[in-house]
């Protein structure tokens, strides 16, 4: 949620943000009208209540002849106050509903465009020349089947399409990635967390996942709970309805959790293997900080992601995500795309978003410093989403004999320098 004061002081700023997102600005006009109606009804209700109170004070002093008329007028005003309060509450609900539909303000300098506009700001590492090495790179599923690391058929048998089993070295590889990710995040000052994967509607709405992303969410109607698509949801709601002392900021958490996504809009996309699945595990970083420090922390989160990908020895690119491809909560987002040899292109691997005060306002999370109590900022960043790093590790480090080279950073957690078929 943005600061409601902006509607009255600078509605054009909000309209410009919506325009670069590729969205209609009509919502701003509707909000301004709803805000004016809400404030007018509140003022009217308060005026009626004041008149009712004044009339009530006159009743004890009135003569016997005057009292019946005064009492009748008091009852009449009481009903009017009740009706006006109901109108004001209805206007507030309309305003609040519209506010929840308004996305975060895009930070100045974010490149304009949509999902297909990829702004690469850095390339790290060089893809291998497999032709020069004398063999054609296999895709991750063929490699994994040779290693007995992934079982897609039984995943589909047990759970349906886009589900899988990690088996043998595949399971060990995820555990190794988890241990490396948690060790590095602790080294960077993050508190390790294992949050619930089921959350209340208020947590989903507060983080902005019941808007444009709602079609990808799993909902358990009987329990009125949602399966999270990222532990960002639970981590953001962790301090909901709280006031944090400024001296305790920044607060940094790194959470491991399963993630569930319907992938409702991805029919026909990436149907082979584990690139686009309904369930995967992930280590997510989350930061609460002073809004003045948010952009600095955004750069730090990106730096942590880059360092982790380099530890995996995967070539990658850093993208400044276009304004029209930002989620509801993000004011700016950087993605890291890892190289996939079988496809000859870079694919999304990690993401980090600066959500400024947006989620904190929706979840009523504030900070207290010498200037008083005010909203803080939240940021999130993927450290390791497990399935995609496994894909890129297998493909980038495959050898002609079907074995897979193990990066130095993972060797202590796997106990080997190479993965071989039949081991």
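Mean separation of Cα pairs under 8 Å and 6+ residues apart, divided by the residue count of the chain: what relative contact order is that in percent?
It comes to 20 percent, rounded to a whole number.
If I build a Gaussian network model for the chain, linking alpha-carbon pairs within less than 10 angstrom, which residue out of 209, 135, 308 has the largest mean-square fluctuation?
135
For region 87-171, what does the alpha-carbon gyration tensor say about shape, rounded, prolate or oblate, given a ≥ b ≥ c as the root eigenvalues, a/c under 1.5 as rounded, and a/b over b/c as prolate?
Because a/c hits 1.5 or more and a/b fails to exceed b/c, region 87-171 counts as oblate.
Extending each Cα 7 Å along its Cβ direction at residue 23 and residue 118, get the distance between those two points in nm, one decimal.
In this crude label model, residue 23 to residue 118 measures out at 2.6 nm.
Of the candidates 97, 335, 223, which one comes out as most mobile in a Gaussian network treatment of the chain with C-alpha springs shorter than 10 Å?
223
Build a GNM of the chain with springs between Cα atoms under 10 Å: which of 224, 216, 281 gets the top mean-square fluctuation?
So, out of 224, 216, 281, the one fluctuating most is 224.
In degrees from 0 to 90, rounded to the nearest 10, what is the angle of the helix 387-396 Cα long axis to the longest principal axis of the chain?
For helix 387-396, the angle is close to 30 degrees.
Sort all Cα-Cα distances of the chain into consecutive 10 angstrom bins from zero, then give the percent of pairs in each bin up to the one containing the longest distance.
For the chain, the pair-distance distribution reads 4, 18, 26, 21, 13, 7, 4, 3, 2, 1, 0.
Placing one identical point scatterer on every Cα of region 153-284 and ignoring solvent, what is log10 I(q)/I(0) from the Debye formula at q = 0.13, 0.16 Å⁻¹?
-0.66, -0.96
With label points built 7 Å along Cα→Cβ from the Cα atoms of residue 128 and residue 220, find their separation and express it in nm.
Modelled inter-label distance: 4.3 nm.
To test your reading of the geometry: what angle, between 0 and 90 degrees and rounded to tens, separates the Cα axis of helix 294-311 from the longest principal axis of the chain?
Around 20 degrees separate the two axes.
Step by step: find N for region 319-423, compute 2.2 N^0.38 Å, then divide the Cα radius of gyration by it. What's the final number?
1.55
Relative to the longest principal axis of the C-alpha atoms of the chain, give the angle of the C-alpha long axis of helix 67-101, reported between 0 and 90° and rounded to the nearest 10°.
Relative to the chain, helix 67-101 is tipped by roughly 20 degrees.
With the contact rule set at Cα under 8 Å and sequence spacing of 6 or more, what percent relative contact order holds for region 256-366?
19
So for 230, 416, 167, 378, fewest C-beta neighbours within 10 Å to most, what's the order?
On the way: 230 23, 416 13, 167 16, 378 29.
In order of increasing Cβ crowding within 10 Å: 416, 167, 230, 378.
FYI, it's all coordinate maths here, none of it is from the lab. Keep in mind that what you see is a predicted model, and the values were worked out from it rather than measured. Backbone-built Cβ (ideal geometry, glycine too); neighbour counts: all protein chains shown.
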